[in-house]
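The values are calculated or read from the model by the stated rules, or taken from the named source; none is laboratory data. These figures come from a predicted structure and were not determined experimentally. FYI the Cβ positions are ideal-geometry reconstructions off the backbone, even for glycines, and counts take in every protein chain you see. Note: areas computed on protein heavy atoms with side chains; ligands, DNA, RNA excluded. Shrake-Rupley method; radii C 1.70, N 1.55, O 1.52, S 1.80 Å.
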Amino acid sequence: MIIEQIYTGCLAQGAYYIESNGEAAIIDPLREVRPYLERAKKSGAKIKYVLETHFHADFVSGHLDLAKESGAKIVYGPNAKPDFDFYAAKDAEILQLCGAKIKVLHTPGHTMESTCFLLSDEQGNEIALFSGDTLFIGDVGRPDLAQKLVNELTSEMLAGYLFDSLRNKIMPLSDDIIVYPAHGAGSACGKNMSKETTDFLGNQKKTNYALRANMSKAEFIKEVTDGLLPPPAYFPENVMMNIHGYDPFEKVMKRGMHALSPEAFEQMANETGAVILDTRDPKVFVKGFIPNSINIGIDGNFAPWVGTLIPDIKQPILLITDEDRNEEVVTRLSRVGFDGAIGYLAGGFTSWKNAGKETDEIKSISAEELAKIKQTTAVTILDVRKTNEFQSEHVENAINLPLDYINEKFEDMDKNQTYFVHCAGGYRSVIFNSIMRARGYHNLIDVAGGFKAIKENSHIPTTAFVCPSTLK
């Protein structure tokens, strides 16, 4: 018996490879399926099943491409009605994987088709629960996503279904079963996930707030629905792609890997109205970039921020990347359904600059420089961290405008006022500044190093720290 977690940090997503005596199953694969095919080939195994725990919202699954290339059967639990060939498994049905068995546990709540897969080894011992977004380590799946697709559903109704699923299907299982969830800390599919990506079910029964033995359904519904932030805008679009289908991954890659000279790049930008997305390091970006381009660094939470900040998932995108990272960028865009990459700037920003094209830059100062300015001049400090980060601790008299809500709130800002903008460490503030500069806001100054650097400078007063876990 082989169980391997294939974890992708930028999405906080766990896919799984299971193998028993030459037969394999893949659970919740990502868009690029080559790693799963190569893993099976390494063992000389045949992929028999592609098991989907639900219609994912935060990424586009690789189920279609993987089934086509491997000949595997796509399996969903009850209530799933996608627009492609699949096997509709019944609740409690057993799927045979050579000598091992996979039991289907229908666990509605996160979504109505949500299903967990309980694995028994060749000796018949129940050893692992692949819990999808039903049960995380330290949390459970948010119950407000499926209501976007079915009007008569409410968060409270879904939370009630989730309560029953956990109590009736999961909590009666043995304490020594290992839980393998679909996500870890950093995913927007829950609100309090642990940084750990596996745990024993017995430990979760003791430590996970949602599995308290004496909790009533009413208490569960209140706690699970309390404090939910709006999901990223791209979530419903990803669900639709997972239900209805999408372009093959290779086609998306071929379209995005189109190298363009500075002249061709400029012409295409003018003709298509494409977003110019610069994925270089923020500290490098601020020193020089193509006018009206936006920066979302590839080495941060790249794909989720793209999905949150670019409103139209079908938007044409032109790329500026570091050398040899073009394929990585197009791949990571495709994971969240942004298949509109139409090319990249050959030679990167250097080639643009060498061609004598117009460039722009963002003024950036250190926390020490901000402190000196603040001693003699009244300044407006704009904190673009999340609300709970800001409430936990912030610069005295600072304004909070979370990056997440820039598209809804940016008109609240005064184009004629100077803002000193910071986040936690510098990644989000440069994204914010680049977007606002492209919209004609030219009086924004970036504070390098963010709140961390400000805290280390004792000359800038901050509010007393409040533990984020105590905030509502």
Can you give the percent of C-alpha pairs in the chain whose distance is more than 40 Å? 27 percent
Here, GluC sites (Glu not before Pro) of the range 139-199 satisfying both criteria (DSSP loop; at most 15 other Cβ within 10 Å) are Glu152, Glu196
Can you give me the Cα centroid spacing of the range 181-226 and the range 52-91 in angstrom? 25 Å
For the range 375-472, listing chymotrypsin sites (Phe, Trp or Tyr not before Pro) in a DSSP loop whose Cβ sees at most 13 other Cβ atoms within 10 Å gives Phe465
With only Lys, Arg, Asp and Glu charged, each at its Cβ (+1 for the first two, -1 for the last two), find how big the charge dipole of the chain is about the Cα centre; round to the nearest 20 debye. 260 debye
Which ³J(HN,Hα) values, rounded to whole Hz and listed in residue order, are derived for the range 305-317 from phi using the Karplus coefficients 6.51, -1.76 and 1.60 in 6.51 cos²θ - 1.76 cosθ + 1.60 with θ = phi - 60°, glycine and proline given as x? 6, 4, x, 7, 9, 9, x, 9, 5, 8, 4, x, 10
Ordering Asp91, Asp133 by accessible area with a probe of 1.4 Å, largest first, what comes out? Asp91, Asp133
Estimated inter-spin distance, Ala464 and Thr198, nm [label 7 Å along Cα→Cβ]: 4.4 nm
Global geometry of the range 298-412, whether rounded, prolate or oblate, following the gyration tensor of its Cα atoms and the 1.5 cut on a/c: oblate
Please get the size of the charge dipole for the range 40-199, origin at its Cα centre, with Cβ charges of +1 on Lys and Arg and -1 on Asp and Glu, quoted in debye to the nearest 20. 420 debye
I'd like to check one number: the per residue accessible area of the chain, probe 1.4 Å, reported in Å² as a whole number. 43 Å²
Theoretical ellipticity at 222 nm over the chain - DSSP helices of four or more residues, -39500 (n - 2.57) apiece, nearest 500: -8000 deg cm²/dmol
The summed charge of the Arg428 Cβ neighbourhood (under 11 Å; Lys/Arg +1, Asp/Glu -1) stands at -2
Angle between the Cα long axis of helix 367-376 and the longest principal axis of the chain, 0 to 90 degrees, nearest 10? 50 degrees
Fraction of alpha-carbon pairs over 21 Å apart in the range 359-472 - percent: 32 percent
Subset of Lys103/Lys195; Lys372/Lys452; Lys81/Lys314; Lys41/Lys195; Lys191/Lys409; Lys287/Lys353 violating a 20 Å alpha-carbon distance limit: Lys103/Lys195; Lys81/Lys314; Lys41/Lys195; Lys191/Lys409
Whenever you get a sec, compute what percent of the accessible area on the chain sits on carbon and sulfur atoms (1.4 Å probe). 49 percent
